[in-house]
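Report on one structure; see the data block that follows.
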Amino acid sequence: MASKLIEKYFRYEHLPQIWCQGCGNGIILRDVVKAIDDLGLDVDKTVIVSGIGCSSRAAGYLNFLTLHTTHGRAVAFATGIKMARPELNVIVLAGDGDLSAIGGNHLIHAARRNINITVIAFNNNIYGMTGGQYSPTTPTGDYGTTAPYGNIDRPFDIALLAKGAGATYVAKGDCFHVVQTTKLIRDGIKHNGFSIIEVADVCPTYYGRKNKKGNAVDMMTYQKENMISAEAALAMSEEERKGKIIVGKICENDYPELTEEYQKIIDRVMVK
Amino acid sequence: MSKKVLMQGNAACVAGAIKAGMRFFAGYPITPSTEIAEMASLKLPTVGGHFIQMEDELASMAAIIGASCVGVKSMTATSGPGFSLKQENIGYACMAEIPCVIVNVQRSGPSTGLPTSPSQGDVMQSRWGTHGDHPMIVLSPSSVTETYYLTIRAFNLAEKYKTPVILLMDEIIGHLREGIEINDEDVQIIERNKLDLNENKKGYEVSGDELVPSKHLQGNMKYNITGLSHGFDGFPTNNNKVAGELHERLMKKIDENKDDIVTYQEYKTDDADTIVVCFGGSARIVATAVDMAREEGYKVGMFRAITIWPSPEEALRKLSERVKRIIVVEHNYGQYLLEVQRIVNNPNCKIDFLGKVDGTVIIPDEVLKVIKEVK
Ligand SMILES: Cc1ncc(C[n+]2csc(CCOP(=O)(O)OP(=O)(O)O)c2C)c(N)n1
Ligand code: SF4
């Protein structure tokens, strides 16, 4: 199956990817492509947008119109694309730093506007591309190359941040549970409104090594053994949820979609 | 057919943009450019286009590039602090060769400065604001009518050379209301080809001496667009030869087309021994001062850069070879002055400067005084 997906959707001549052995980015990218394939999205009407970071390199490997933009701005580029040509499917692939640090403002405003784009947040809890500095999702107490004495920042929960900002479809997935994660991505793309799927990524090179999480297999095993469903997580206290990998839908609701609302204005005022 | 209307400079900019085919605008309010966003929000849906007020100027710049990548002519407008915020993505548009128009109605700086006061302090930032070597086209109108036509030209140049174009206005022109006569008969619009989604060619491919990639954004949907150095298919590369060739082509596509891009105005220069160099709103003051000086018998003329980057180097150098004196007048501390000093190569031609940075407008008498101060 994987090879069929590669043939159909990847820029074969540019493989293998630049990612480290054991990196979770490839797994998440496969889930995205599988979801696109399941939905039968028109490749010529789908634009993939990414920011800057290890994970953002994902866009370039896909044989769509792909925009590898500037650090943090992927969602803003995507907003322009969707607003200017609402008939296109727009999917954003970016890292936790890209989306929630430098690009946090764009993320919450796109969620607030409920513009119909889908964001896949590759959350490896660290800045991978620049060599392992702590990010807004690095748990308190963990280490990074700029947190040599342990991180004293309080982390964001990207999914809850987006939900709070008004995202109408929010889910969490991981690298181990590919079937569930693929389905969550599929549902997110299908959803008419702003959707985000935060996927727990695996960065053995930096996050893993800095925090003694073992190799890629150990990190995947951790996801397998510590997964809880979104419903189960709801019933838990913050303390109990610590270290758990949540997989499932956080919320899905209906709200007028931005470009459809704008179309109503055009229908009303356009000079024929 | 021409029609006469009373219009503000900022409104003329939007009218020109829509005439040029702008169908997407993203912006964030800032004085003295705000009317451009307001007009765009009013007019765009009436022609089936889209307006969005983004969360900041970084986002606005990103959004117009995104829209342009999918075939929609796009513009943003800002001033001072907002122009600073747009710089990173302006560089992206240079590197990825994305046509778009950025309007900067200059205000006094640095920082928040004097928000409602006229200034021309962004001359150098408009040329070199984003990091790295890059090409740049900057146009500066001196009247409301010219704002209309130059906005159209900005879109055309952006499409032709696949590059961002900056319309560098100033508060004097942006907020000026005057009767303008629009005659669209001779207006030529360079259209973006319709996207043919099925064609699969390398987007950035150039052959031979070609400086602008003809396939790029002209119907080839499935390729990569990046701010990293890239090959013909837009995929990032670390290959120094490929990177070097790309960078050189980006600079050359503007440098070697200066004849097509550069425009300027000469006023009463034929017999002049003194030339006042200016651009934008300052030119109105200078033209009046020139007339006043002429009445008193001074042989003085005006040279106005319309395309300020690339500068009208050749024409100005030629002129400087036969005059005794050049006076540069601008509402800043001497930015275009540096370019004029670079250009002028005649030891017998003295270069003087009149500038202002206190937020007030230079008046013709002040220019006249400098003209008469023959040292
Ligand atoms: C404006 C700007 N600031 C900083 C950088 C350097 N930079 C590149 S990627 C990155 C962080 C990447 O982290 P993340 O977004 O989480 O993605 P990952 O590499 O972990 O997948 C940074 C800080 C940049 N490219 N641009
Ligand atoms: S540094 Fe981490 S995120 Fe980046 S490629 Fe390597 S494993 Fe993946």
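Values as computed for the structure displayed
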item	result
Residue among A:TYR143, A:TYR169, A:TYR207 that is touching a His at 6+ places or on another chain (Cβ under 7 Å) and either crowded, with 19+ Cβ neighbours inside 10 Å or of a type outside the set (Ser, Thr, Tyr) (or both)	A:TYR169
Any chance A:ASP44 is in a helix (DSSP H, G or I), at pLDDT below 95 and more than 14 Å from ligand 1 (Cβ to nearest atom)	yes
Residue within region A:1-14 that is farther than 15 Å from A:ILE120 by Cβ and either within 16 Å of ligand 1 (Cβ to nearest atom) or aromatic (Phe, Trp, Tyr) (or both) present	yes
Those residues of region B:67-81 which are small (Gly, Ala, Ser) and either surrounded by fewer than 24 Cβ atoms within 10 Å (Cβ to Cβ) or in a strand (DSSP E or B) (or both), in sequence order	B:GLY71, B:SER74, B:ALA77
Number of the exception - B:GLN53 against (1) without any contact (Cβ under 8 Å) to a residue 60 or more places away in the chain; (2) crowded, with 24+ Cβ neighbours inside 10 Å	(2)
Boolean, A:VAL199 is in contact (Cβ under 8 Å) with a residue 40 or more places away in the chain, within 16 Å of ligand 1 (Cβ to nearest atom), more than 14 Å from chain B (Cβ to nearest Cβ) and β-branched (Val, Ile, Thr)	yes
Residue satisfying condition, being within 13 Å of chain A (Cβ to nearest Cβ), out of contact with any Leu (no Cβ under 8 Å at 6 or more places or on another chain), closer than 20 Å to B:ILE90 by Cα and at pLDDT 95 or above, within set B:LEU228, B:LEU246	B:LEU228
Search result, residues across region A:47-67 that are among the hydrophobic types (A, V, I, L, M, F, W, C) and either more than 16 Å from ligand 2 (Cβ to nearest atom) or assigned to a strand (DSSP E or B) (or both)	A:VAL47, A:ILE48, A:VAL49, A:LEU62, A:PHE64, A:LEU65, A:LEU67
Number of positions in region A:63-84 that are more than 7 Å from chain B (Cβ to nearest Cβ), in contact with a Ser or Thr (Cβ under 9 Å, 6 or more places away or on another chain) and farther than 15 Å from B:LEU228 by Cβ	1
Close pairs from region A:179-193: first at positive phi, partner among the charged types (D, E, K, R) and surrounded by fewer than 21 Cβ atoms within 10 Å (Cβ to Cβ), Cβ under 8 Å, at least 6 apart	A:GLY193/A:ASP254; A:GLY193/A:GLU257
Total residues in region A:240-272, condition over 30 Å from A:THR138 (Cβ atoms) and in a helix (DSSP H, G or I)	12
Checklist (1) within 13 Å of another protein chain (Cβ to nearest Cβ); (2) in contact (Cβ under 8 Å) with a residue 24 or more places away in the chain applied to B:PRO45, failing item	(2)
All positions within region A:15-29 that are within 16 Å of ligand 1 (Cβ to nearest atom) and not small (Gly, Ala, Ser)	A:GLN17, A:ILE18, A:TRP19, A:CYS20, A:GLN21, A:CYS23, A:ASN25, A:ILE27, A:ILE28, A:LEU29
Yes/no for B:SER60 being hydroxyl-bearing (Ser, Thr, Tyr), buried (at least 20 other Cβ atoms within 10 Å of the Cβ), out of contact with any Leu (no Cβ under 8 Å at 6 or more places or on another chain) and closer than 30 Å to B:ARG284 by Cα	no
Boolean, A:SER55 is more than 10 Å from chain B (Cβ to nearest Cβ), within 15 Å of the chain's Cα centre (by Cα), within 14 Å of ligand 1 (Cβ to nearest atom) and of a type outside the set (A, V, I, L, M, F, W, C)	yes
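Residues checked against (1) closer than 21 Å to B:ALA37 by Cβ; (2) away from every other protein chain (no Cβ under 14 Å):
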{"residue": "B:GLY71", "(1), (2)": "no, no"}
{"residue": "B:SER79", "(1), (2)": "yes, yes"}
{"residue": "B:PHE83", "(1), (2)": "yes, yes"}
{"residue": "B:PRO99", "(1), (2)": "yes, no"}
{"residue": "B:HIS131", "(1), (2)": "no, no"}
{"residue": "B:TYR161", "(1), (2)": "no, yes"}
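The values are calculated or read from the model by the stated rules, or taken from the named source; none is laboratory data. Here the structure is a predicted model, which is why all the values come from computation and not from measurement. Backbone-built Cβ (ideal geometry, glycine too); neighbour counts: all protein chains shown.
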